[in-house]
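The values are calculated or read from the model by the stated rules, or taken from the named source; none is laboratory data. Quantities reported herein were computed from a predicted structural model and do not represent experimental measurements. Don't worry about glycine lacking a Cβ; one is built from the backbone with ideal geometry, like all the others, and counts go over all protein chains shown. Just the protein is used for accessible areas: all its heavy atoms, side chains included, with ligands, DNA and RNA removed. Shrake-Rupley method; radii C 1.70, N 1.55, O 1.52, S 1.80 Å.
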Amino acid sequence: MSRLQGKVALITGAAMGMGAEHARLFIECGAKVVLTDLDEEKGEALASELGENAWFVPHNVSDPDSWDRAIKAGGEKFGPVTVLVNNAGLSGPVTYTTDLDLGSFNRIVAVDQTGVFLGMRAVIPGMVANGGGSIINVSSAAAMAHLPGTPNVAYTGAKAAVRGMTKATAIEFAPHNVRVNSVHPGAILTPMAKALLDDSMIEEVAQTLPIRRWADPREVSQVVAFLASDEASYMTGSEIVVDGGRLAE
Ligand SMILES: NC(=O)c1ccc[n+]([C@@H]2O[C@H](COP(=O)([O-])OP(=O)(O)OC[C@H]3O[C@@H](n4cnc5c(N)ncnc54)[C@H](O)[C@@H]3O)[C@@H](O)[C@H]2O)c1
């Protein structure tokens, strides 16, 4: 498969879960991939497994200086970043609004919302200078409606903000051929989901879904790869829901 041949992608939160699967698929599709994450051990291990077209850079998405270092390191290795997947996320506990302390609220927003802003701000000048690029912001189906089992108000609010920030930035940079779209996963079986729910709860949730099962991360990666590719050349400011029909009910 060569739909991403010639692309240099930076994928955040790529040490595990969906980010790791995006990295795997992007490389299968011909891209060079800069994997970034807080978890250096897992990130390094995955990058060496994926081979010469993968490169791991330690990164904290909520820190602007860390963004500058990641983009510089990625650029020196593979050339200018042409695709950014803002995937890193932090759910926090499943709790009521009235029980969420301010420190937790701010930590979740710093990763899930501020991290996406910092990422777009950091890569766009290079994309504009190089004739364009594609940014995929990973939001959530929870950005559209409250879904039972959604962790908390900070997570829902930050994911809704990502949906709005995607559209604002898409409009601003459409004339420069920088496309910005959001992806809204529903129930995807990853370490994040397994940290929030035990096995019986995971089965219970599956039975509430129209499609009666959780998604494999690759079912989201296929959509992310499409948005990264030139096949999506006329798509910007769009949102794609990948939720097994949950929001359609
Ligand atoms: N799993 C789901 O059902 C689901 C549903 C909707 C949306 N999402 C979103 O999809 C994305 C990926 O989720 P996942 O389920 O694969 O999560 P995960 O917890 O399995 O993996 C997230 C990765 O992000 C990294 N990370 C966390 N904070 C970071 C930071 N500050 N800087 C850099 N990296 C950081 C973690 O180390 C981890 O490797 C997230 O944005 C999440 O909110 C997940």
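Some points to look at:
- Calculated over segment 128-191, the projected area of the Cα convex hull averaged across directions stands at 5.2 nm².
- Given R0 = 30 Å, the distance between the Cβ atoms of Arg213 and Glu239 translates into a calculated FRET efficiency of 0.85.
- The angle separating the long axis of helix 199-208 from the principal Cα axis of greatest extent in the chain is about 90 degrees.
- Where labels lie 7 Å past Cα in the beta-carbon direction, separation of Ala195 and Ala174 in nm: 3.7 nm
- Accessible area (Å², per residue) of segment 156-215, counting only protein heavy atoms and a probe of 1.4 Å: 49 Å²
- Working note: Karplus 6.51/-1.76/1.60 with θ = phi - 60° gives segment 103-109 the couplings x, 5, 4, 5, 5, 5, 5 Hz, where Gly and Pro are set to x.
- Note on Asp39 and Asn106: with the Förster distance fixed at 30 Å, the Cβ-Cβ geometry gives a FRET efficiency of about 0.90.
- Segment 1-131, accessible area per residue, ligands and nucleic acids excluded (1.4 Å, Å²): 46 Å²
- Partner lysines for Lys194 [C-alpha distance under 29 Å; skip if fewer than 8 residues away on the same chain]: Lys42, Lys159
- Fully extended contour minus Cα-Cα distance, from Lys72 to Glu203, at 0.36 nm per residue: 42.8 nm
- In degrees, nearest ten, helix 17-28 long axis to first principal axis of the chain (Cα): 30 degrees
- For the chain, calculated [θ]222 nm from helices alone, where every DSSP H run of n ≥ 4 adds -39500 (n - 2.57): -13500 deg cm²/dmol
- Cut-off under 5 Å, modelled amide H: who pairs with Ala54 long-range: Val33
- Neighbourhood charge, 14 Å Cβ-Cβ cut-off, centred on Gln5 and excluding it, Lys, Arg +1 and Asp, Glu -1: 0
- Relative compactness, segment 67-160, computed as alpha-carbon Rg over 2.2 N^0.38 Å: 1.27
- Using distinct alpha-carbon pairs, which all enter the 1/r mean, Kirkwood radius of segment 1-107 in Å: 14.4 Å
- Heavy-atom accessible area for Arg3, with the other protein chains in place and a 1.4 Å probe, reaches approximately 70 Å².
- Note on the chain: with neighbouring protein chains present and a 1.4 Å probe, carbon and sulfur make up 55 percent of its accessible heavy-atom surface.
- Tail beyond 32 Å, pair distance distribution of the chain (Cα, percent): 15 percent
- Each residue, Ser48 and Arg121, gets one label point 7 Å from its Cα in the Cβ direction; the gap between the two is 3.6 nm.
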